[in-house]
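Notes follow once the structure below has been shown.
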Amino acid sequence: MSKRKKTRRDFLFGKAAEMRAAAAGAAPAGLNVPAGPDDAADESSYLVRVSRPAMACEFEVCLRAGQYVQGTEMALEALDLVEQLEAQMSVFRPASEISRINLTAAQGPVEVEPRLFALLELAMQLYRQTGGAYDITAGPLWEAWGFARRAGAIPAADRLAAARKLVGGHRVKLDPAGRTIRFLQPGVRLNMGSIGKGYAVDRGAERLLQAGVADFLFQGGNSSVRAHGGHAPPPAESPAGAAAFWIVGIRHPLHPEQRLAEVKLSDRALGTSGAQFQSFRHQGRRYGHILDPRSGWPAEGVLSATVLAPTAALADALSTAFYVLGPEAALNYCRQHADIAAVIVTPAAHGSGVEIHSAGLDEEQWRVL
């Protein structure tokens, strides 16, 4: 009898099962998940980690080992959904729905799948709320600067001017009644890179919750995280009603191998934006890949922006917006929206260190390391 060929699903399932015997407190890259409350041998702190590449990064689901009989299979189903969403939203796939919109929406209204339409509505709402600092039509600028090819360079003035004429959420018309989108000018294009990863994490988390998984951490690329429940039950000595949580680390923007701070996360999402991994230098000056859609130039003055929000899509989008807006406007936004918190890191006013600006977090929710 011929031997059945192993599939990626078989490999991931086996790898996840192996993790049941891993050391307590094992953590995905960039995240800090603590050991169990009693000691390193506490079985409740062991993690099953299931991952796969998508959207140019690694998506990963962390579960308590042994808590769910079909936990690995449910995690794989959630990751399958991420692949489907990449096929829907990627501008690098000619057959994607976003590519179809970009190709035809300037010619007339294009009907959009319901969940994607709701995501576009959120993006347009944030465009208005941030005064254009967040804009999913900024792709032409990203291309003009060469970041789409990972070959950043200062564009010629005429090319930058031409790209700016194609950018702006006001050039997009959404019709909720017909669930359609239309571009008001030829050449306008959508790029979901600043919100799509978080949206995929949300949809994957939704799938896990529907399957009865209450304790998990779902992350995409170490920058988009959604957590539910906790990595272990609260310690026996905890106050009555104490909730379980996951601890997620915020990387130091100048020293990525170090954690700058830790945040307790449960039933909430976290998104971080920073330009240290995609940038170039010209005449001694660094230019990052996060562009200010209002000027067409790379945003400056912020090293990293981390946002806590009810959903990963919202956290992702706002972390990009806050990176562009700067600490004063970002923290003011948080004060006006009680469900949003932020940690903004900027260069120190004096010396070579950093300054940390925060809003919406109390001492019990986070700590600076």
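Residues considered: Val61, Val48, Val33. Of these, the only one that is at pLDDT below 95, part of a strand (DSSP E or B) and within 16 Å of Asp215 (Cα to Cα) is Val48. Can you pull out the residues in segment 326-355 that are touching a Ser or Thr at 6+ places or on another chain (Cβ under 8 Å), closer than 23 Å to Pro256 by Cβ and in a helix (DSSP H, G or I)? Across segment 326-355, the qualifying residue is only Pro327.
Scanning segment 264-294 for residues that are more than 30 Å from Asp362 (Cβ to Cβ) and surrounded by 16 or more Cβ atoms within 10 Å (Cβ to Cβ) turns up Phe280, Tyr287, Gly288, His289, Leu291, Asp292, Pro293, Arg294. Look at segment 110-129: where a residue is under 15 Å from Val172 (Cβ atoms) and a partner is among the aromatic types (Phe, Trp, Tyr) and assigned to a helix (DSSP H, G or I), sitting 6+ places away or on another chain with Cβ atoms under 7 Å, you get Leu119/Tyr199.
Of all residues in segment 100-139, those being part of a helix (DSSP H, G or I) and modelled with pLDDT of 95 or more number 21. None of Asp316, Asp339 is surrounded by fewer than 18 Cβ atoms within 10 Å (Cβ to Cβ), under 21 Å from the mean Cα position of the chain (by Cα), charged (D, E, K, R) and closer than 24 Å to Tyr199 by Cα except Asp339. If the condition is being free of Cβ contacts under 8 Å to residues at least 24 places away in the same chain and in contact with a strand residue (DSSP E or B) (Cβ under 8 Å, 6 or more places away or on another chain), then segment 259-296 contributes Arg281, Arg286, Gly288. Kindly indicate which of Gly152, Gly193 is buried (at least 17 other Cβ atoms within 10 Å of the Cβ), within 21 Å of the chain's Cα centre (by Cα) and modelled with pLDDT under 95. Within the list Gly152, Gly193, the selection yields Gly193.
Entry remark, segment 97-149: residues being farther than 17 Å from Ser295 by Cβ and of a type in the set (Phe, Trp, Tyr) number 1 in total.
The values are calculated or read from the model by the stated rules, or taken from the named source; none is laboratory data. Just so it is clear, the model here is predicted, and its values are computed rather than measured. Note that each Cβ is placed from the backbone with ideal geometry, even for glycine, and that neighbours are counted across all protein chains shown.
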